[in-house]
Amino acid sequence: MSAPEPLEPPAAVADERPGPTRAAILAEARTWIGTPYRHQASLKGVGCDCLGLVRGVWRAVLGPEPEAAGVYTADWAEATREERLAGAGRRHMTEIEVLGLRPGDLVLFRFRPHLPMKHIGILSADDRFIHAYDGAAVVESPLGPWWRRRLAAAFRFPSVID
């Protein structure tokens, strides 16, 4: 029996939208709340992981994804030791200082000091973020001390209109 294929959205059509507003980013992210967690998936209401949530919000507010996520295992960070999330962020987004975070920005977390960042979410307020939680669903969680200690990088979607 083979593993199920990852859930993927239909191919997007390129468009020339203006940059997204922070309100549009947050409104879209909140429509994903309750979407079940599913590794490598990116379909609102059906399943997604933390990267799939960000990919889905990107498609809704910016258009087609700039590159394919490719196949990745649940332990990719431990196995490869590559900063894949941060690398993709640097290729397609604006890296910002963690102290300059604003709602609508992306937050990346490192669970262990010696391992790559492997969790991503969208800041929804100064003290909250939206993310796909392994074993559960997309949720809006407090950005409390546990998460703040692990916050390692931040990015802004391209062309955000304030």
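Residues that are surrounded by 20 or more Cβ atoms within 10 Å (Cβ to Cβ): find the strands (runs of 3 or more DSSP E) completely inside the range 60-162 holding 1 or more of those.
Passing ranges, in order: 106-109, 119-125, 128-132, 138-142, 151-156.
How many residues does the range 21-43 hold that are more than 14 Å from S124 (Cα to Cα), modelled with pLDDT of 95 or more and either touching a strand residue (DSSP E or B) at 6+ places or on another chain (Cβ under 9 Å) or buried (at least 21 other Cβ atoms within 10 Å of the Cβ) (or both)?
The qualifying residues number 7.
Output the residues belonging to the range 83-128 that are touching a helix residue (DSSP H, G or I) at 6+ places or on another chain (Cβ under 7 Å) and of a type in the set (G, A, S).
Scanning the range 83-128 gives G104, G121, S124.
Yes or no, residue by residue, for (1) in contact with a Lys or Arg (Cβ under 8 Å, 6 or more places away or on another chain); (2) among the hydrophobic types (A, V, I, L, M, F, W, C):
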residue: L99; (1), (2): no, yes
residue: P103; (1), (2): yes, no
residue: L106; (1), (2): yes, yes
residue: R110; (1), (2): yes, no
residue: P116; (1), (2): yes, no
residue: I120; (1), (2): no, yes
residue: Y133; (1), (2): no, no
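The values are calculated or read from the model by the stated rules, or taken from the named source; none is laboratory data. Please read these numbers as outputs of a predicted model, since none were measured by experiment. Don't worry about glycine lacking a Cβ; one is built from the backbone with ideal geometry, like all the others, and counts go over all protein chains shown.
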